[in-house]
Amino acid sequence: MKPRADEISLSESASSPQGSAADDDLLARIQREQDRFAFNQAAASGDVEAIEALVSRGADARSQGIMGHTPLMIAVDAVRLAAARALLPHSDPDAVTEPAHGSRTALMMAATGRQPRMIEILAPVSDTGRRSDQGKTALMLAAEQASPECVRLLLPYGHADAQDAHGDTALMLAALELNESCVRLLLPCSDLSLRNERGQTPLMNAAAAGDAPSIELLAPLFDPDELDRDKHGALYYAAIETETEALEALLKFSSPNLEIAGDNGETVLMGCVINGFDDSARVLLKNGANPNARNAAGLTPLMLSALHSNRAMAELLIPVSDISLVAPGENGPLGAVDFALRRVADGEQMRHSFLDAFFEIATPAQLDLGVSLLSSPMTQAPRWFARREALAIQKEIQKEAGTAEDKGPSVAPNAAGGAPATRRV
C-alpha cells in the first residue's frame, strides 16, 4: 500500500528524487528555525557546549528572531557572560532589534543592564556610536542607568557630546539620575555649551532631579540665571522639588536672580505657590524673594495661594505680604481674600478650611460674604463668624465712644482706681 504524502518523513522527502525545489527550501527554513531555537535556548541558559556544537555543524549564530533578537543579545539579556564570549566570534555585534523594541544592539543592552564585564568584551568589537530608536548611544544609556563603571568603560570610545533625539547628552542624562559619580566622570569630556531641545543645561537637569552633590559640581560652571525655552532657570527647577537640599545648594554656590520670571511673569516663588512647595517657598523668602511680585495677570504669590486653596502657603505669605494689593477682575479689582472667597463660591466647600488663613485680614464686608457662602457658619466657619461678631461689637463700642465725646469727657476709673479700662476685641 502506498503511504500518504503527510506520512513521509522530512529525511525521506529530502532524499526523494521527486522532491521539488520548494520542498528543499521548506526543509532549509525549518532547519534554520530549529537551529535558531537551539541557539536561543543555549544562550539563555549559558550552555557553552551546545553553542559550540551548533557552530561546529554550521548553524548560523547571526539569525534574528521575531523581535530582532540574536543569540548574542539573548546571552547579554540573560547575563550569560561565557555564552556571550562563545557567540561573539560568530555573531554580528552591531545587529539591532526591531524599532518597536528600541533598535538596540547587544552593547546597548549591556549598558542598559548595567553589565560592565559584558561591556568589556563587546565595546572593542562594536560600533559604540550606534544610536537606538531614541537616538541614544551606549554611553548615554549607561549614564541614564546611573552606572559609573559602565560609563568609565565606554568613555574612551568617545561620543560624550553626542545628543539624543531630545538633544540630551550623556552628561545631561547623568545629571537627571541623581548620580554625582557619573557627572564627575563625564564633566571633563563634555562640551558645556550644548543645550537640549528645551534649552536646558546639565545644571538645570541636576536641579530638576534635586541632586545637591551634582549642583555643587556644576553650579560654578554655568550661569545660574540662564533660562530655558520655557523661561525657567535652574533655581525654578530646584525650588519645585519636595526636598530643599538642591535649592539650598544652588543658593549657596551662586546668587541667582530670585525674581526671574517666565513667559507669564511667574517668579520662582510663584512656582512654589502654584505647585505647593511650602518648604522651598520658606527658603526663598528667607533669601530675599519678593512676596509682592506680580505675574502678567497682576497676581501676587498671596493671591495665587488663595486661587490654589493653599492654607499653609497663605499663612506663610500673609505676614510678609502687602495685603492691600489688588489685581484687575471682570467686575472690579480683587484682593487675596476676594480670590479665596471666589474659590468657595465656585464650589470649594469641601476644602473651605483654607479660608481660615485669610479671616484675620478680611474686611467686614468680606467676612459677611464668607459666612454667607458657607452653609453652616457656626460649624464650618467658626473663626469667620466669631470675628464678624467681634468686629460688630468693636464698631458698636467705637460708636458709643463717639457719642460720649459729643456729650463731654466722662471716663470711669478701672477696678483698681487707676487708668480708664480699655476693651480689647
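The values are calculated or read from the model by the stated rules, or taken from the named source; none is laboratory data. None of the values given here were measured: they were computed from a predicted structure. Reconstructed Cβ throughout: ideal geometry from the backbone, glycine too, with neighbour counts over all protein chains shown.
The set of residues in the stretch 227-256 being of a type in the set (S, T, N, Q) and modelled with pLDDT of 90 or more consists of THR244 alone. Residue pairs whose Cβ atoms lie under 8 Å apart, separated by 6 or more positions or on different chains, with the first residue in the stretch 163-179 and farther than 14 Å from ALA142 by Cβ and surrounded by fewer than 24 Cβ atoms within 10 Å (Cβ to Cβ) and the second at pLDDT 95 or above and of a type in the set (Val, Ile, Thr), are GLN163/THR169. Considering the conditions (1) in contact (Cβ under 8 Å) with a residue 12 or more places away in the chain; (2) in a helix (DSSP H, G or I), LYS252 is excluded by exactly one of them, (1). Taking (1) part of a helix (DSSP H, G or I); (2) modelled with pLDDT of 90 or more; (3) β-branched (Val, Ile, Thr) in turn, ILE30 satisfies each apart from (2). Considering only the stretch 333-349, state which residues are modelled with pLDDT under 85 and part of a loop (DSSP other than H, G, I, E, B). ASP346, GLY347, GLU348 - these are the residues of the stretch 333-349 that are modelled with pLDDT under 85 and part of a loop (DSSP other than H, G, I, E, B). Residues being of a type in the set (S, T, N, Q) and touching a Leu at 6+ places or on another chain (Cβ under 9 Å) are represented in the stretch 267-280 by at least one member. When restricted to residues that are within 20 Å of ALA209 (Cβ to Cβ) and part of a loop (DSSP other than H, G, I, E, B), the stretch 122-143 contains 2.
Filtering LEU107, LEU139 for residues that are over 23 Å from SER45 (Cα atoms), buried (at least 22 other Cβ atoms within 10 Å of the Cβ), touching a Leu at 6+ places or on another chain (Cβ under 8 Å) and modelled with pLDDT of 95 or more leaves a single hit, LEU139.
Scanning for something assigned to a helix (DSSP H, G or I), more than 26 Å from HIS69 (Cα to Cα) and in contact with a Cys (Cβ under 8 Å, 6 or more places away or on another chain), does the stretch 144-154 turn up at least one residue? Yes.
The sole residue among SER321, SER280 that is among the small types (Gly, Ala, Ser), touching a helix residue (DSSP H, G or I) at 6+ places or on another chain (Cβ under 7 Å) and over 25 Å from PRO213 (Cα atoms) is SER321. Annotation: GLY129 fulfils all but one of (1) in contact (Cβ under 8 Å) with a residue 24 or more places away in the chain; (2) surrounded by fewer than 21 Cβ atoms within 10 Å (Cβ to Cβ); (3) farther than 14 Å from TYR157 by Cβ; the unmet one is (3).
Each residue in the stretch 145-162 was checked for being among the hydrophobic types (A, V, I, L, M, F, W, C), touching a Ser or Thr at 6+ places or on another chain (Cβ under 7 Å) and either touching a residue at least 60 places away in the same chain (Cβ under 8 Å) or under 14 Å from SER181 (Cα atoms) (or both), and 0 of them qualify. State which residue is surrounded by the most Cβ atoms within 10 Å (Cβ to Cβ) when the search covers only the stretch 275-313 and only residues that are closer than 21 Å to LEU247 by Cβ and of a type in the set (Gly, Ala, Ser). Only one residue fits best here, namely SER305.
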